[in-house]
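The values are calculated or read from the model by the stated rules, or taken from the named source; none is laboratory data. Model, not experiment: these values are computed from the prediction. When we count neighbours, we look across all protein chains shown, and the Cβ atoms used for this are built from the backbone with ideal geometry, even at glycine. In case anyone asks, the SASA skips ligands and DNA or RNA and just uses the protein heavy atoms, side chains included. Shrake-Rupley method; radii C 1.70, N 1.55, O 1.52, S 1.80 Å.
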Amino acid sequence: GQIVYSIAEETERGASVGNIAKDLGIDAATLSARKFRMITGSSKQYFNINASTGALSVNEPIDREQLCELKSVCLLNYELVLENPLELYRMEFKVLDINDNSPSFPLSEYHINMPEFLSAGARFTLPSAQDLDEGANSVQNYTLSPDEHFHLEMQTRGDGSKYPELVLKKALDREQQATHRLVLTAKDGGNPPKSGDVPVIVTVLDSNDNAPEFEHSVYRASILENSPSGTLVVQVHATDLDEGPNGEVRYSFSNTTSADLQRMFSIHPHTGEVTVNGVLAVQRPLLEMLIEARDNGAFGMSSTAKLLVEITDVNNHGPEITITSLSSPIPEDAVPGTVIALLSILDKDPGENGKVTCQISENLPFQLKPSLQNYYSLVTSELLDRELISEYNITITATDLGSPPLTTQKTVWVQISDVNDNAPVFSAEAFNVFVEENNPLGAFLYQVSASDPDIGENGRVSYVLRNSTVAGSALTSFLSMNLANGSIYAKRAFDFEQLRSFHFQVEAKDNGSPALSAAITVNVYISDQNDNAPAILYPTGQNGSIAVEVVPRLADEDYLVTKVVADDEDNAQNAWLSYHLAHSSDSTLFQLSAHTGELRTTRSMRSTDFLKHKVVVVVRDHGDPPLSSTVTVGILLADTLPQALPDFDDSGEPPPLLNATNIYLIVSLACVSFIFAAFIFFLAVIRL
């Protein structure tokens with residue numbers, strides 16, 4: 001928005017101008033919290049705002065003539081910037097003129113030489129007074145002190161400006177009065193009016209009764225503002241009807257032309273050529289000078305002409321980019337349209353050369369929006385993501401419409417602050433943990449890991465076990481967890497035979513506000529160890545006695561005596577069982593299947609076989625190291641089941657002398673002896 005105030009110059013310090021909060025519809029109580037500030041291009045701060053009430057008051061009296069020089073309208077432009085949210089208001093102060101300056105003349109006194117032969121009606125240009133005030137407060141009329149020879153008349157130039165002329169109303173007589181002292185008074189139109197006086201001394205002379213006359217009362221010229229020194233502006237020409245020295249004309253700038261303009265331009269005294277004498281350091285597009293033509297008579301006469309020089313602008317000023325306000329860092333969840341910075345872009349050139357276009361790169365999530373005159377807002381155009389890009393270097397390019405155009409660039413560094421918009425993410429969909437049974441207490445089982453792309457507390461992850469039960473007991477009685485690194489430890493030894501697997505959930509939570517979390521399932525598989533020996537299920541004795549099996553007295557070969565049955569609570573190869581015959585009272589009579597545990601006869605029973613036999617069977621698993629169990633089986637050869645079983649705990653009857661083994665040994669010994677005797681006999685025959 002924009003608001004306009006009017007204030008008279010020289011208003012005393014502390015005087016009220018208005019209430020900015022009421023005028024703009026702003027809550028005055030929020031001014032301090034919103035970090036209000038007034039921005040102006042002026043070197044002085046002429047106004048104050050009360051942060052509590054919003055009252056706008058004068059901070060320093062304004063001198064309109066010093067601030068705006070000869071401008072008809074004097075304006076002070078301020079910008080009021082508020083933050084949270086960022087707002088900009090434009091304030092324009094129109095400084096009203098008061099009649100605080102009296103008319104003044106450039107010189108302390110003026111001298112006019114008049115030939116005595118001039119007749120009534122002769123005219124002489126008088127100096128114009130200057131009044132820094134404007135409008136009605138500027139010079140309005142002139143008066144001349146009473147004199148019988150002179151009176152004052154106002155004349156109008158071709159451009160409409162008025163100036164005073166001294167008119168001779170009665171012929172002069174130098175012999176009666178050689179000098180006339182007059183007082184020229186300039187009055188302004190203020191209330192009360194102010195005035196300024198200057199003495200005008202008229203010296204009566206006897207010659208040179210023609211003043212030079214310019215070809216034009218007003219000369220106009222146009223030059224480029226970057227014209228080098230020596231550039232011709234215009235050539236003026238005046239003629240004097242007198243002859244000799246009285247008709248020779250010299251040109252110069254009038255004393256009413258400002259010293260600054262006389263330094264920037266020079267005029268050749270003989271040719272009347274006006275040239276550039278230095279740098280044209282002016283901000284006004286039109287310069288006004290008065291040129292005086294004076295003859296070389298003993299009492300030189302003069303006339304003046306006005307020179308108007310139009311300064312044509314060239315594009316010699318590049319745009320100026322000023323960052324008025326910058327919000328950095330900005331949160332990554334800022335909605336599109338959030339204002340990041342307020343930019344002021346100004347080109348000192350007038351016209352098309354001072355018009356500026358502004359842009360930034362198209363591949364950025366930002367855009368420039370025009371605000372008030374010469375202001376742009378840098379706003380977000382889409383959602384931001386700090387995890388993808390954490391900062392931006394935004395290059396702002398401002399180009400004017402001059403020919404050739406001038407370009408200025410400025411880089412704005414914008415950081416993106418983190419918000420907790422990412423939950424922790426585990427490295428897998430589920431974790432499988434394998435642990436051997438009989439593990440030690442406190443054994444490390446596994447370390448889960450989750451990552452969070454946020455930073456700081458938003459990215460710091462902690463871990464916790466979710467409440468659940470395992471085999472009817474609380475999960476915390478089985479496991480413990482390091483909250484910081486996700487390490488899982490066993491709080492008890494696992495038994496494969498009782499619990500082969502279980503699962504639970506681990507929750508990863510960041511430290512943001514509000515906190516975000518994720519959960520994952522951890523499957524625990526307990527692997528078997530060979531910690532159980534085979535258990536003999538059959539045959540078994542009673543009260544510690546040997547199990548007895550009854551076999552028919554004349555049983556055939558491969559007769560099933562019994563089948564040893566065993567079980568191993570372990571798993572896989574730890575439960576694979578094999579059967580071995582560790583001892584047999586008659587090794588030729590029985591054989592044992594290693595895989596089935598079946599004990600069978602190797603031949604038909606004989607009447608010569610003992611009635612009682614005892615075998616020892618070893619059942620062994622395939623663990624590492626293997627575990628085994630033994631069972632002793634008593635075998636009774638009987639056709640009927642006896643009333644009482646015999647005792648198998650003794651060593652049993654001695655084996656017969658001529659068992660199969662002994663017969664084999666006897667036959668072998670006899671054969672060897674026969675062969676040896678035959679060899680000796682053969683050697684004896686050959687010898688003889």
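If you go through the stretch 577-594 and pick out every residue that is open to solvent by 80 Å² or more (accessible area, probe 1.4 Å) and modelled with pLDDT under 90, you end up with 2. Just one of the listed residues (ALA533, ALA515, ALA508) is surrounded by 15 or more Cβ atoms within 10 Å (Cβ to Cβ), outside any strand (DSSP E or B) and not polar (S, T, N, Q), namely ALA533.
For ASN84, the conditions (1) within 30 Å of ALA186 (Cβ to Cβ); (2) open to solvent by 60 Å² or more (accessible area, probe 1.4 Å); (3) of a type outside the set (D, E, K, R) are fulfilled apart from (1).
If only residues of the stretch 1-48 that are part of a loop (DSSP other than H, G, I, E, B) and acidic (Asp, Glu) are counted, the one that is surrounded by the most Cβ atoms within 10 Å (Cβ to Cβ) is GLU9.
Which of the following residues is over 27 Å from PHE150 (Cα atoms), at pLDDT below 90 and either in the same structural domain as LEU118 (by the TED database) or crowded, with 19+ Cβ neighbours inside 10 Å (or both): LEU261, LEU205, LEU287? On inspection, the qualifying residue turns out to be LEU287. Scanning the stretch 526-540 for residues that are out of contact with any Phe, Trp or Tyr (no Cβ under 9 Å at 6 or more places or on another chain) and touching a residue at least 60 places away in the same chain (Cβ under 8 Å) yields ASN530, ASN532, ALA533, PRO534, ALA535, ILE536, PRO539, THR540. For the stretch 459-488, what are the residues that are closer than 17 Å to ASN523 by Cβ, open to solvent by 50 Å² or more (accessible area, probe 1.4 Å) and either in a strand (DSSP E or B) or free of Cβ contacts under 8 Å to residues at least 12 places away in the same chain (or both)? Result: THR469, single match. A Cβ distance below 6 Å, combined with a sequence gap of six or more or placement on separate chains, defines the contacts here; from the stretch 98-124, residues that are aliphatic (A, V, I, L, M) and at pLDDT below 90 reach no residue that is part of a strand (DSSP E or B) and open to solvent by 60 Å² or more (accessible area, probe 1.4 Å).
Yes/no per residue for (1) outside any loop (DSSP other than H, G, I, E, B); (2) open to solvent by less than 20 Å² (accessible area, probe 1.4 Å):
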site: ILE323; (1), (2): yes, no
site: SER328; (1), (2): no, no
site: ALA334; (1), (2): no, yes
site: GLY337; (1), (2): no, no
site: ALA341; (1), (2): yes, yes
site: SER344; (1), (2): yes, no
site: CYS358; (1), (2): yes, no
site: ASN363; (1), (2): no, no
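Taking the options ASP568, ASP558, name whichever one is more than 30 Å from PRO424 (Cα to Cα), open to solvent by 40 Å² or more (accessible area, probe 1.4 Å) and charged (D, E, K, R).
Of the residues listed, the single one that is more than 30 Å from PRO424 (Cα to Cα), open to solvent by 40 Å² or more (accessible area, probe 1.4 Å) and charged (D, E, K, R) is ASP558.
One line per residue, one yes/no per condition, for (1) more than 30 Å from PHE214 (Cβ to Cβ); (2) modelled with pLDDT under 90:
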{"residue": "LEU307", "(1), (2)": "no, no"}
{"residue": "ILE311", "(1), (2)": "no, yes"}
{"residue": "PRO319", "(1), (2)": "yes, yes"}
{"residue": "GLU332", "(1), (2)": "yes, yes"}
{"residue": "THR357", "(1), (2)": "yes, yes"}
{"residue": "LEU378", "(1), (2)": "yes, no"}
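Within the set THR632, THR661, the sole residue that is of a type in the set (S, T, N, Q) and modelled with pLDDT under 75 turns out to be THR661.
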